Amino acid sequence: KAGVTQTPRYLIKTRGQQVTLSCSPISGHRSVSWYQQTPGQGLQFLFEYFSETQRNKGNFPGRFSGRQFSNSRSEMNVSTLELGDSALYLCASSDRDRTMNTEAFFGQGTRLTVV
Amino acid sequence: KQEVTQIPAALSVPEGENLVLNCSFTDSAIYNLQWFRQDPGKGLTSLLLIQSSQREQTSGRLNASLDKSSGRSTLYIAASQPGDSATYLCAVRWGSEKLVFGKGTKLTVNP
């Protein structure tokens, strides 16, 4: 069974540009969550999607957005990039259908560097 | 505010030692707690998931315990090896899909 796949693995962007990151969850998982990891703040929750609907959103500005497709694949978009957006972006999938007590599985992350 | 704390931030031990990593959380009404391992520049690998109704979980040389009343979890690693060197993260779910993470404990096992 394939794990969580995130593409691309590395990105370098210029301030003011926008970027789109992709996440393919484990087959059968319908919940996808996104996290930002920085040395200073650690891991912070961005948002969660379940069956194409955003269920939860963290405390990030509106420049951060996401969506989920009917095949459960998810994308997150960051517009008007700032230097502080440089981080490792991690995606997690879980089998949320049955119960809240579900294990989260993470991808390898996308390393975004804003210059 | 729901928070997760991990102490110490870093730990260095000789190979073969048994060790305990600590995790504390502020609100005992958790759904579950999950321990992860992260190697430098990589994603998170799930080690153990403890449901709110459980007291401990074991996988190989790893044992995680949960004491909701005191807001604490420990990860016990037996007979540590250099390959165990990594950052260990504790994460708590409080009733939504959102996981709240501690800052992690960076473990170094010296040969």
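With the structure loaded, tell me whether residue B:46 is farther than 22 Å from residue A:56 by Cβ and polar (S, T, N, Q) or whether it fails that test.
no
Would you check which residues across the range B:12-46 are in contact with a strand residue (DSSP E or B) (Cβ under 9 Å, 6 or more places away or on another chain), surrounded by fewer than 20 Cβ atoms within 10 Å (Cβ to Cβ) and hydrophobic (A, V, I, L, M, F, W, C) and list them?
B:13, B:19, B:20
Looking only at residues in the range B:71-111 that are free of Cβ contacts under 8 Å to residues at least 40 places away in the same chain and surrounded by fewer than 16 Cβ atoms within 10 Å (Cβ to Cβ), which one is farthest from residue B:38 (Cα to Cα)?
The extreme case among them is B:96.
Just to confirm my filter: which strands (runs of 3 or more DSSP E) fall fully inside the range A:5-79 and include at least 1 residues that are basic (Lys, Arg), in contact with a Ser or Thr (Cβ under 9 Å, 6 or more places away or on another chain) and within 12 Å of another protein chain (Cβ to nearest Cβ)?
Because the criterion is at least 1 residues that are basic (Lys, Arg), in contact with a Ser or Thr (Cβ under 9 Å, 6 or more places away or on another chain) and within 12 Å of another protein chain (Cβ to nearest Cβ), the strands (runs of 3 or more DSSP E) in the range A:5-79 that meet it are A:53-57.
Does residue A:16 meet the test of being on the phi > 0 side of the Ramachandran plot, over 11 Å from the mean Cα position of the chain (by Cα) and touching a residue at least 60 places away in the same chain (Cβ under 8 Å)?
yes
State which residue is nearest to residue A:102 (Cα to Cα) when the search covers only the range B:89-105 and only residues that are more than 11 Å from the chain's Cα centre (by Cα) and part of a strand (DSSP E or B).
The extreme case among them is B:93.
May I ask you to list the residues in the range B:7-56 that are at the interface with chain A (Cβ under 10 Å from one of its Cβ atoms), more than 12 Å from residue B:93 (Cα to Cα) and of a type outside the set (D, E, K, R)?
Result: B:36, B:38, B:41, B:43, B:44, B:45, B:46, B:48, B:53, B:54.
Search the range A:102-114 for residues that are more than 7 Å from every other protein chain (Cβ to nearest Cβ) and pair each with any residue that is β-branched (Val, Ile, Thr) and in a loop (DSSP other than H, G, I, E, B) when their beta-carbon atoms are under 8 Å apart and the residues are at least 6 apart or on different chains.
A:114/A:14
No value in this document is a laboratory result; all are computed from the given coordinates. Note that this is a predicted model, so its numbers are computed, not measured. Reconstructed Cβ throughout: ideal geometry from the backbone, glycine too, with neighbour counts over all protein chains shown.
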